[in-house]
Structure formats: C-alpha cells, structure tokens
Amino acid sequence: MLLLQGKGSALRPFAAAALLVLFPGSGCDFSFSLSVVSDDVLPSASADVISDPATDGSVRQDGAVVTTSAILCGVDVAAPPPFPEDRGFLSFPLGGISPGAFIESATVTFHVDRVDLLPGSADLVLTLDHVHFGDALSFSAFSAAGAPVRGFLSGVRLVPFPGTQRVLGDVVPELQADVDDPFLRFFQLRLTGTGGVAQIVDGGGNRAGGAPPDRTLVPVLSVRYRW
C-alpha cells in the first residue's frame, strides 16, 4: 500500500494496549505497547520507531555526506554545476523489536517538505531501495547494493506543493528480512529522486529552507508484530 497526502491529518496510532513504555535515546525515539491475548496466542506488540538523525541523511555523488539537515533526494539545478545527484537515507533502530518476531504489519511514513523540478519535468519520481549501510552514513551508501521496496515499486510522483506532503508505504517483507537477522541494528532505506530534487524532514525534525524543526513530521516506522 502506498499513500500520498498533504499535511491534513496526523499519523494514526495503533490501537491502545495494556502497557506503554517510552524509550528515549540519544537522537532517536521509540514507543512500545504490549498486549497478551491469551495463554494460547503469541503476545502481540506494536511499535512506532522514529528514524535516527545520527544515521539518516543525504549522500551526494561527489562524496559529501550530510546528517544534520533536511534529507535531499535528486538533482538540484540551483546548485553549482555539474549538478551532482543526492540520495537520501532513512535509518530506523531495531533494538526495540524482538529478533525473529513475526511482522504482522509495517508502514514507513515520511514528509516531503519541498519539491523543485528540473526544467521540462512534469513531476519528480521518488523510488526507495532496501539497503544496509550500518552504524554510520558514508559515501559507500550512495551505490551500495539494494533491492526495490515492494510497497513502493511504482514510485512516488511529486510536484511542488505549498505545504508538506505525507508519503506512506508498506515495508513488511523488507522489515521481516531484517528482523530475522539478529546482527542487524537498523532497518534502512535509500531514496532516489528523478526529475528534480525533494527535501524530506529528517529524524531530528529538520526542514527545508531553514524552517524551524518540527518533530511531528519526522519519519516513522510503525510496526505490529508477534513473538
């Protein structure tokens, strides 16, 4: 499932459960709820994981790496020639999800803060790959091996918009593969833009054009699972 919306409605939380624990971390947030249905059913849990601002960000084709501002995806004609491409990265900590858990549902939500099209482009197409780049974002992530995210196979078509644009997509198979690997610490995605440049709010709430940070717009991985 893929859904694109303007900033009209807030993220809908999962149904309430019996126990809620908050885990503040250095630069990342995680919420967790647990509900035991019966002795014969595996316990069910839900989690909302915010992307880690220390490991998400942008990598430019010429080697520049930025993790402290809005995430750039695509080619910006306002930049000096030769207009190098930027690719964006989202990185969600997996520490709060039980290794080997069965993923019932998983959705990634992020907000596109600004879109600038190349001359002659009708829209910007944003595509997502499932990648692994580890505990630090570096230039190697730009061309690291990856696989298209099945929930975003058709891409996301964006045009300039006066407000933020919310993008949602299903990531169940990709997250399940990572949760099945006990050595992975992050669920990570690469975003590529064609036809212009998109700026995405990062895990610190950093926005385009120097706008004040907004924590309500940060990328979120919403998960329901059993273990």
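The values are calculated or read from the model by the stated rules, or taken from the named source; none is laboratory data. What you are looking at is a predicted structure, and each value in this text was computed from that prediction instead of being measured. No Cβ is skipped: glycine too gets one built from the backbone with ideal geometry, and neighbour counts run over all protein chains shown. Surface accessibility is based on the protein's heavy atoms, side chains included, excluding ligands, DNA and RNA. Shrake-Rupley method; radii C 1.70, N 1.55, O 1.52, S 1.80 Å.
I'd like to know if the range 165-177 contains one or more residues that are more than 16 Å from Thr107 (Cβ to Cβ), among the β-branched types (Val, Ile, Thr) and open to solvent by 10 Å² or more (accessible area, probe 1.4 Å). The answer is no, given that none of the residues of the range 165-177 is more than 16 Å from Thr107 (Cβ to Cβ), among the β-branched types (Val, Ile, Thr) and open to solvent by 10 Å² or more (accessible area, probe 1.4 Å). Taken across the range 23-31, residues that are modelled with pLDDT under 50, in a strand (DSSP E or B) and open to solvent by 60 Å² or more (accessible area, probe 1.4 Å) do occur, with at least one present. Please go through the range 102-123 and pick out each residue that is small (Gly, Ala, Ser) and either crowded, with 19+ Cβ neighbours inside 10 Å or free of Cβ contacts under 8 Å to residues at least 24 places away in the same chain (or both). Once the filter is applied, which keeps residues that are small (Gly, Ala, Ser) and either crowded, with 19+ Cβ neighbours inside 10 Å or free of Cβ contacts under 8 Å to residues at least 24 places away in the same chain (or both), the range 102-123 yields Ala106, Gly120.
Beta carbons closer than 7 Å, at least 6 apart along the sequence or on distinct chains, pair a first residue in the range 212-227 that is within 19 Å of Ala101 (Cα to Cα) with a second that is in a strand (DSSP E or B) and open to solvent by 60 Å² or more (accessible area, probe 1.4 Å) for Arg224/Glu104; Tyr225/Phe102; Tyr225/Glu104; Arg226/Phe102; Arg226/Glu104; Trp227/Phe102. Gly196 - would you say it is at positive phi and surrounded by fewer than 22 Cβ atoms within 10 Å (Cβ to Cβ)? Taking the combined requirement at face value, the residue does not satisfy it. Residues being open to solvent by 20 Å² or more (accessible area, probe 1.4 Å), in contact (Cβ under 8 Å) with a residue 24 or more places away in the chain, polar (S, T, N, Q) and over 20 Å from Gly96 (Cβ atoms) are represented in the range 129-138 by at least one member. Looking only at the range 154-172, residues that are in contact with a helix residue (DSSP H, G or I) (Cβ under 8 Å, 6 or more places away or on another chain) and part of a loop (DSSP other than H, G, I, E, B) come to 2 in all.
Within the range 83-96, how many residues turn out to be within 28 Å of Asp214 (Cα to Cα) and either without any contact (Cβ under 8 Å) to a residue 12 or more places away in the chain or open to solvent by less than 10 Å² (accessible area, probe 1.4 Å) (or both)? Qualifying residue count, the range 83-96: 5.
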